[in-house]
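A.B. asks: Questions regarding the structure given below will be posed in turn.
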Amino acid sequence: MIVMEEMLVIRGGSPLKGDITVHGAKNAVLPLLLAGTLTDEEVEISDCPFISDVEAMTLLMRSLGVDVSREGRSIRVRGSAKRANADGALSKTMRSSMFMLGALLSTVHEVHMPLPGGCNIGARPLDIHIDGLRAMGARVEAGEDMLDCYADELRGADIVMRYPSVGATENLMMCASLAKGDTRLINCAREPEIVCLAKGLKSMGADISGEGTSVMRIRGVGRLKGASLAPCGDRIVAGTLVAATAVAGGDVRIYGVDPSDISSVTDVFKSEHCRISGDDVCVRVRADGRIHPVNISTAPFPLFPTDMQAQLMGAMCFSDGVSVIDETVFERRFAHARELVKLGADITLDAGRAIVRGSALTGRKLQGAIMHARDLRGGAGLAIAALGAEGESAIFDIGYIDRGYERLEDMFSCLGADISRLPVQGEM
């Protein structure tokens with residue numbers, strides 16, 4: 001069978017200049033879509049990016065009997081799910097299918113789904129989700145491949161989370177909003193996407209307080225109503241633009257993101273060679289292409305995000321020193337390192353640590369190469385490195401990148417990068 005795949009072709013050396021607005025955050029839109037199933041009234045979510053994860057989520061919701069329609073950048077959700085059995089193939093395409101747990105338990109009172117998929121970046125156990133759901137009265141049966149949950153009635157509870165999991169926090173927020181009684185989520189996630197979901201649920205009539213802190217309180221209400229919801233801007237897309245500008249040099253204004261949401265990223269790149277300023281309108285990056293080394297560990301918000309680790313590594317390949325990057329969130333999130341080595345990067349891996357000796361230190365210039373994206377953020381890291389390398393690079397398996405970036409090539413080319421998407425013909 002003949003299949004058509006696509007690749008990104010990038011010719012490095014062009015500075016980035018201009019203005020750009022980031023789209024709605026993938027990790028905000030996906031839970032908002034499922035929050036829309038918590039009411040029988042219409043919920044409209046605006047600024048939904050045209051990315052494959054959003055498309056997969058709408059297909060998954062339709063397979064559950066939810067009325068979902070897209071008009072331009074807005075998606076309308078009308079009514080709750082009618083079925084409790086999730087489509088196996090769709091569930092396995094993305095980790096975010098786990099948000100079905102909270103939505104379906106609250107409405108259909110049961111859920112049957114294969115363990116969710118997504119990028120192969122290490123174990124992402126569901127035990128924090130399961131422990132919280134059980135505390136609220138759900139019966140959960142977890143097998144090797146399937147998860148079956150039942151809850152005739154969900155009750156409020158004090159839930160101490162052993163780790164501030166974003167997905168578990170969002171699942172339990174949705175459950176608690178319609179549960180009987182009060183719920184406290186202790187050591188919950190604090191990410192901007194959590195605050196966005198809380199704001200959306202409150203617009204629908206939920207009683208939530210403490211979002212953005214480590215203790216959230218939710219008082220269950222009898223029903224939720226329809227509303228118009230808006231996601232926060234995608235801070236990871238904004239951070240990717242910051243890293244790319246630091247590498248390529250130039251002058252870029254980034255709109256649509258709260259500067260405080262990406263301060264852990266901008267603080268890493270700030271120097272006399274990369275001036276970054278921000279206000280309530282935009283973040284401006286002015287860089288000459290010189291990169292200084294860093295020593296950083298990934299951690300939950302408000303610290304440096306694991307979703308920016310690959311982009312940081314791609315940038316540090318050009319630094320004038322030795323960078324040490326510790327990945328503390330996922331144990332298999334260095335697949336991009338071996339691809340960056342194809343450009344001539346000097347990277348040593350030691351368990352959860354990457355040591356990167358920058359090309360400005362070693363004197364070995366990075367040259368264009370053929371690379372393969374291994375996961376979503378890793379693919380973005382390869383693109384950043386290709387923007388700074390000499391000559392032409394090709395990145396294959398860009399379906400990973402399309403999960404979270406709305407046509408990455410358009411984002412960079414509108415700022416002056418030499419990048420294009422081309423078809424690749426192969427046989428399977």
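The values are calculated or read from the model by the stated rules, or taken from the named source; none is laboratory data. Small disclaimer: the values here were computed from a predicted structure and weren't measured. All Cβ positions, glycine included, derive from the backbone under ideal geometry; neighbour counts span all protein chains shown.
A.B. asks: Which ones in region 354-387 are in contact with a strand residue (DSSP E or B) (Cβ under 9 Å, 6 or more places away or on another chain), assigned to a helix (DSSP H, G or I) and closer than 26 Å to Ala238 by Cβ?
C.D. replies: The answer is Ser359, Ala360, Gly379, Leu382, Ala383, Ala385, Ala386, Leu387.
A.B. asks: Can you name the residue in region 34-53 that is out of contact with any strand residue (DSSP E or B) (no Cβ under 6 Å at 6 or more places or on another chain) and aliphatic (A, V, I, L, M) and, of all such residues, is farthest from Pro231 (Cα to Cα)?
C.D. replies: The qualifying residue farthest from Pro231 (Cα to Cα) is Leu38.
A.B. asks: Continuing with the same structure: Given the structure, is Asp53 surrounded by fewer than 17 Cβ atoms within 10 Å (Cβ to Cβ) and not in a strand (DSSP E or B)?
C.D. replies: Here the answer is no, as Asp53 does not meet what is asked.
A.B. asks: If you scan region 243-283, which residues turn out to be part of a helix (DSSP H, G or I), touching a residue at least 12 places away in the same chain (Cβ under 8 Å) and not hydrophobic (A, V, I, L, M, F, W, C)?
C.D. replies: Correct list: Thr245, Pro259, Asp261, Ser263, Ser264, Thr266.
A.B. asks: Additional query: Any residue in region 350-372 that's among the acidic types (Asp, Glu): show its pairings with residues that are not in a helix (DSSP H, G or I) at Cβ separation under 6 Å, as long as the two are six or more apart or on different chains.
C.D. replies: none
A.B. asks: Just one of Arg332, Arg377 is crowded, with 20+ Cβ neighbours inside 10 Å and in contact (Cβ under 8 Å) with a residue 60 or more places away in the chain; which is it?
C.D. replies: Answer to the selection: Arg377.
A.B. asks: From the list Leu154, Leu197, which residue is closer than 26 Å to Ser263 by Cα, modelled with pLDDT of 95 or more, touching a helix residue (DSSP H, G or I) at 6+ places or on another chain (Cβ under 8 Å) and not basic (Lys, Arg)?
C.D. replies: The unique qualifying residue is Leu197.
A.B. asks: If I filter region 70-85 for residues that are polar (S, T, N, Q), in contact (Cβ under 8 Å) with a residue 12 or more places away in the chain, in contact with a strand residue (DSSP E or B) (Cβ under 8 Å, 6 or more places away or on another chain) and part of a strand (DSSP E or B), do I get at least one hit?
C.D. replies: yes
A.B. asks: Can you pull out the residues in region 222-239 that are within 12 Å of His23 (Cβ to Cβ) and outside any loop (DSSP other than H, G, I, E, B)?
C.D. replies: Result: Gly233, Arg235, Ile236, Val237, Ala238.
A.B. asks: Any residue at all in region 340-347 that is surrounded by fewer than 19 Cβ atoms within 10 Å (Cβ to Cβ) and in a loop (DSSP other than H, G, I, E, B)?
C.D. replies: Looking for residues that are surrounded by fewer than 19 Cβ atoms within 10 Å (Cβ to Cβ) and in a loop (DSSP other than H, G, I, E, B), one finds at least one in region 340-347, hence yes.
A.B. asks: Which of the residues belonging to region 304-332 are in contact with a helix residue (DSSP H, G or I) (Cβ under 6 Å, 6 or more places away or on another chain), under 23 Å from Val257 (Cβ atoms) and in a loop (DSSP other than H, G, I, E, B)?
C.D. replies: Phe304, Val329
A.B. asks: All but one of (1) among the small types (Gly, Ala, Ser); (2) at negative phi; (3) in contact with a strand residue (DSSP E or B) (Cβ under 8 Å, 6 or more places away or on another chain) hold for Gly249; which doesn't?
C.D. replies: Every listed condition holds for Gly249 apart from (2).
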